[in-house]
Amino acid sequence: MFTFINRFTVQGDAAEFEKRVGEITAHMSRQPGFRSHRLLRSAKDPQVYVEIAEWDDAESHGRALRTETFQQAVSEVKKLASADPAPFVPVTAAG
């Protein structure tokens, strides 16, 4: 499994940001290898969001990132927020 985490700081309209991320999620959920997605908003700072996406593998995620639909949609999100994306690997798990 491949886990991708993205931290956003929203400078634009939060509702528009959430809508745009929802559109990206809808597209990504139709791509081969997609497993799950969560978007979390900080209770401490409402301008900060964390996105957690799980994929079968890094290759599936990479192919989805290269789609034209994703590229167009992410360009709109970049107008609203800065991002700090990175892949993560499991260290420990419980439950």
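The values are calculated or read from the model by the stated rules, or taken from the named source; none is laboratory data. Values in this document were obtained by computation on a predicted structure and should not be read as measured data. As a convention, Cβ positions derive from the backbone with ideal geometry for all residues, glycine included, and neighbour counts pool all protein chains shown. Each accessible area value is taken on the protein alone, full model and side chains, heavy atoms only, with ligands, DNA and RNA left out. Shrake-Rupley method; radii C 1.70, N 1.55, O 1.52, S 1.80 Å.
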Restricting attention to the range 16-40, which residues are touching a residue at least 24 places away in the same chain (Cβ under 8 Å) and part of a strand (DSSP E or B)?
F34, R35
Given (1) in contact (Cβ under 8 Å) with a residue 60 or more places away in the chain; (2) surrounded by 14 or more Cβ atoms within 10 Å (Cβ to Cβ); (3) out of contact with any Asp or Glu (no Cβ under 9 Å at 6 or more places or on another chain), number of the condition D13 does not satisfy:
(2)
Name, by its number, the condition in (1) more than 12 Å from the chain's Cα centre (by Cα); (2) under 21 Å from F8 (Cβ atoms); (3) among the charged types (D, E, K, R) that does not hold for E51.
(1)
Looking across the range 42-62 at residues that are farther than 12 Å from M1 by Cβ and not in a strand (DSSP E or B), the single one that is least open to solvent (accessible area, probe 1.4 Å) is G62
Restrict the check to the range 21-42 and report whether at least one residue is closer than 19 Å to P87 by Cβ and charged (D, E, K, R).
yes
Residues of the range 1-10 classified as within 11 Å of the chain's Cα centre (by Cα) and open to solvent by 20 Å² or more (accessible area, probe 1.4 Å), total:
4
Failed item, numbered, when S60 is tested on (1) within 17 Å of V21 (Cβ to Cβ); (2) of a type in the set (S, T, Y); (3) free of Cβ contacts under 8 Å to residues at least 60 places away in the same chain
(1)
Please work out which residue is least open to solvent (accessible area, probe 1.4 Å), limiting yourself to the range 63-95 and to residues that are part of a loop (DSSP other than H, G, I, E, B) and under 12 Å from V10 (Cα atoms).
L80
